[in-house]
Amino acid sequence: MKDGRKIPGMLYILVSFIPWVVYWVMCGTGNRLGVIIPLAISLILLAPQIRKRDFNMMDVTSVLYFSMATVATFILNLSMFVEKSGFLGYLALSLMALLSLAIKRPYTLQVAKRDYPEIYWREKSFLTINSIITAVWTTIFVASAIMFLTDMPFTMILSNTLIAFGIALSAVFPLKAPAYFASKDFKKYDWRIKVDKKLKGEDEYDVIIVGSGIAGLTCGALLSKRGYKVLVLEQHYQVGGYCSSFRRDGFVFNTGVENVSGLWEKGPITYLLKELGLERNEFFVKNRMRYIFRGREINANDLEEFIKALSDMFPEEKEGIRAFFDEAKKAYEECYKDLVYGVPLPAELIVKVFGAKKLLDYPREHPHFYDWMNKTYKQKLDEFFSDEGLKTLLCALLGYLGTEPEKTSASSALTAVVSYYLYGGYFPREAQKFSNALKDFIEDKGGKVLTNHKVDKILVENGEVKGVKVGNKVFRSSIVVANANAKTTFLELVGEEHLDKIFVEYIKSLKMSPSCFMVFLGVDMDLSGYPTIVENLDEGYSIAINSNADPSLAPRGMASVTILTPANYHDFPERWTKEYSEKKKEFAETLIKKAERVIPNLSERIIVQDAATPKTFERYTSMPEGAIYAFDQSIGTKRPYFKTPVKGLYLASASTFPGGGIEAVVISGIICSNDICDWKIKQ
């Protein structure tokens, strides 16, 4: 983007050199006018910058240098600026460039801004690229100054060659650098496995998937549709991972999923359902939401109702509330626009799939979303609001990320939190039905899904996957998709002996996300007058009345209720101990008493009661520490790539991009399936 100017930014450097070229040529012949004429040219270049108060450091340096040179030459009658024009000129430019680097405002940054919208200017890579270019120019200036000082042979030719190189670098490097920085690490893992879909032996498969969470099932279903022979191996007696259900005396409870995003028109789950020919309404129903804040109930069945409720509660913030959600909607829709493969892609895949130019154009084509990408959620809230209570309320769903607003990328908050306000969240009518539907699809297409099959080892030879081992049985494949936590995958299933020590230490250093405590209640109460989900910000817990989303989850006139709150894995003693049982019981009773302030007499009407601690989740899903979102999702946590150092081994789970949550792991599964197909699928 040229921002309305005729001269591209980096080529403007050539314009800035005009007074210097005139200076060196004229003074090289001993002409004293070679000092005044460059001053006049420099003033002409600087004039429009004075009007706009937007200065190019090189032009400012030119005016200062040639003013000094004019005074010295024509008033003080000194000849040094004429006789030593090469050395002094390049010395001045060297000092200018060094100073700009020292104050972290590389001088090429100002001219580079001509080519890019303001949204780019705060990007770290933009500063990095210009720091590199300025460093190169500094080297050129210093080298030229030394050549002129020592009067080396062919000094003028060498100096001009260096200048030409600098101008070429300034024009080309900004176009190529973003793609390079985005993909340089990923390229180390970007191997390719060609799958021959010929008839295979009984225990040979095109793709083996270890684990049957939603990411693994998504990947397996899409590959099955495309003709791959798929095997899914699951340690538990049923599929689904966190997206599963269990029954107790006529009541049905979901094990972890109560509110799902990604089901709007362009949502990834909507895309998946369409690809598989499944109906959304068969598996999901839109949630009715209520927030309890400062003792007040705020209902939010759609965005307009939520905006009105917030505006009534915070009248002085009314304009900001509307503006915040208007911008959020623009940013969110930009994130999901023009999705060739049904999901947004990380930077390295944008480069791989669409090319370097697509990444370069991304901020211009997604200006609102790009702004959210480069700020924290707290910064975004501070932009629009001054009332701390309102900011707290808009962080109500940050539990879906397990992070604090100041440590949360605004773009993550947008897709995993604000999106629920924009398009609503959905309740899985019975989470197990959705997981089972994906399982059935795989089997209908000729694949296999084997439960009670715990993978003991991913077989690796010479850095390449060869299959997996389950007990004494071996299943062969050149591609294995690990739908398990990355720590479990690399440290237990692959083994440290097959991995680089630095990579192993990186995996070990990853911090797990928070977990939670859940109480499952079957109650002899009609709770249909309540919304599906109640978020109590005052006391830090949530209530999901499952049967309000789907009445079949409880006997007629009764209700299936789940109460959940964040919990620390290390606060619970070892399972099967008396201390553990007592802690679990105490935790459950406390949570029920809190919920009873929202649903009176709840404790008196309990027919069925069960509970799950972080250690329960760890037992059933093999997720370390029972983490809900795999790794910590705060800014600064770099998740592993979905392709690994072991050739043929993929990750499809909350461990990799984009993180935890059903929508996120569906994205992970779709990306993995597309890469296995080498991104060559019919849309």
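The values are calculated or read from the model by the stated rules, or taken from the named source; none is laboratory data. Everything numeric here is computed off the predicted structure, so don't read it as measured data. Please note: Cβ atoms are built from the backbone with ideal geometry, for glycine as well, and neighbour counts cover all protein chains shown.
Numbers at a glance
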| quantity | calculated |
| --- | --- |
| Tally of residues being surrounded by 15 or more Cβ atoms within 10 Å (Cβ to Cβ), free of Cβ contacts under 8 Å to residues at least 60 places away in the same chain and within 18 Å of Val111 (Cα to Cα) across the range 144-175 | 2 |
| Selection status of Tyr90, at pLDDT below 90, in a helix (DSSP H, G or I) and of a type outside the set (D, E, K, R) | no |
| Residue in the range 352-376 that is surrounded by the most Cβ atoms within 10 Å (Cβ to Cβ), counting only those that are aromatic (Phe, Trp, Tyr) and over 14 Å from Ser412 (Cα atoms) | Tyr362 |
| Search result, residues across the range 120-174 that are at pLDDT 90 or above and part of a loop (DSSP other than H, G, I, E, B) | none |
| In the range 533-561, the residues that are of a type in the set (Gly, Ala, Ser) and surrounded by 24 or more Cβ atoms within 10 Å (Cβ to Cβ) | Ala544, Ser547, Ala549, Ala554, Ala559, Ser560 |
| Search result, residues across the range 245-270 that are among the aliphatic types (A, V, I, L, M) and outside any loop (DSSP other than H, G, I, E, B) | Val252, Val260, Ile269 |
| Yes/no for Ser478 being under 30 Å from Leu393 (Cβ atoms) and not acidic (Asp, Glu) | no |
| Subset of the range 119-137 (residues that are under 17 Å from Ser170 (Cβ atoms) and either surrounded by 21 or more Cβ atoms within 10 Å (Cβ to Cβ) or touching a Pro at 6+ places or on another chain (Cβ under 9 Å) (or both)) | Tyr120, Ser125, Phe126, Leu127, Ile129, Asn130, Ser131, Ile132, Ile133, Thr134, Ala135, Trp137 |
| Tally of residues being within 28 Å of Pro174 (Cβ to Cβ), part of a helix (DSSP H, G or I) and among the hydrophobic types (A, V, I, L, M, F, W, C) across the range 323-360 | 11 |
| Failed item in (1) part of a loop (DSSP other than H, G, I, E, B); (2) surrounded by fewer than 21 Cβ atoms within 10 Å (Cβ to Cβ), with Tyr242 passing the rest | (2) |
| Of all residues making up the range 206-239, the number that are basic (Lys, Arg), more than 13 Å from Cys677 (Cβ to Cβ) and assigned to a helix (DSSP H, G or I) | 0 |
| Residue within the range 641-650 that is surrounded by fewer than 21 Cβ atoms within 10 Å (Cβ to Cβ) and hydrophobic (A, V, I, L, M, F, W, C) present | no |
| Tabulated pairs, the range 494-523, first of a type in the set (Phe, Trp, Tyr), second surrounded by 15 or more Cβ atoms within 10 Å (Cβ to Cβ) and part of a helix (DSSP H, G or I), C-beta under 6 angstrom, 6+ apart or interchain | Phe517/Phe587 |
| Residue satisfying condition, being in contact with a strand residue (DSSP E or B) (Cβ under 6 Å, 6 or more places away or on another chain), assigned to a loop (DSSP other than H, G, I, E, B), of a type in the set (A, V, I, L, M) and surrounded by fewer than 22 Cβ atoms within 10 Å (Cβ to Cβ), within set Ile599, Ile607, Ile635 | Ile635 |
| Lys200, sole failed condition from (1) surrounded by 14 or more Cβ atoms within 10 Å (Cβ to Cβ); (2) outside any strand (DSSP E or B); (3) more than 23 Å from the chain's Cα centre (by Cα) | (1) |
| Flag for Ser655 being assigned to a loop (DSSP other than H, G, I, E, B), surrounded by fewer than 23 Cβ atoms within 10 Å (Cβ to Cβ) and of a type outside the set (Val, Ile, Thr) | no |
| Some residue of the range 668-682 being in contact with a Ser or Thr (Cβ under 8 Å, 6 or more places away or on another chain), not in a helix (DSSP H, G or I) and either not acidic (Asp, Glu) or not assigned by TED's automatic domain parsing to the domain that holds Trp264 (or both) | no |
| Considering residues of the range 33-80 that are under 45 Å from the mean Cα position of the chain (by Cα) and either on the phi > 0 side of the Ramachandran plot or part of a loop (DSSP other than H, G, I, E, B) (or both) only, the residue surrounded by the fewest Cβ atoms within 10 Å (Cβ to Cβ) | Arg53 |
| Matching residues, the range 516-531, being crowded, with 17+ Cβ neighbours inside 10 Å and farther than 15 Å from Leu397 by Cα | Phe517, Met518, Val519, Phe520, Leu521, Gly522, Val523, Met525, Leu527, Tyr530, Pro531 |
| Which listed residue, of Asp185, Asp196, is modelled with pLDDT of 90 or more and acidic (Asp, Glu) | Asp185 |
| Of all residues making up the range 263-312, the number that are at positive phi and modelled with pLDDT of 95 or more | 1 |
| Close pairs from the range 335-364: first outside the structural domain of Glu275 (by TED's automatic domain parsing) and within 18 Å of Lys266 (Cβ to Cβ), partner among the basic types (Lys, Arg) and part of a helix (DSSP H, G or I), Cβ under 8 Å, at least 6 apart | Ile350/Lys358 |
| Residue in the range 432-445 that is modelled with pLDDT of 95 or more, of a type outside the set (Val, Ile, Thr), farther than 29 Å from Ala554 by Cβ and assigned to a helix (DSSP H, G or I) present | yes |
| Matching option when the condition is within 28 Å of Asn281 (Cα to Cα) and modelled with pLDDT of 95 or more, among Pro555, Pro600 | Pro555 |
| Test: residue in the range 407-424 that is in a helix (DSSP H, G or I) and charged (D, E, K, R) | yes |
| One residue from Leu450, Leu349, Leu345, Leu393 being touching a strand residue (DSSP E or B) at 6+ places or on another chain (Cβ under 9 Å), surrounded by 19 or more Cβ atoms within 10 Å (Cβ to Cβ) and either of a type outside the set (Phe, Trp, Tyr) or modelled with pLDDT of 95 or more (or both) | Leu393 |
| Strands (runs of 3 or more DSSP E) contained entirely in the range 448-553, each with at least 1 residues that are farther than 23 Å from Phe657 by Cβ | 448-450, 457-461, 464-470, 473-476, 515-523, 533-536, 541-545 |
| Unmet requirement for Gln379, which otherwise passes all of (1) in a helix (DSSP H, G or I); (2) surrounded by 18 or more Cβ atoms within 10 Å (Cβ to Cβ) | (2) |
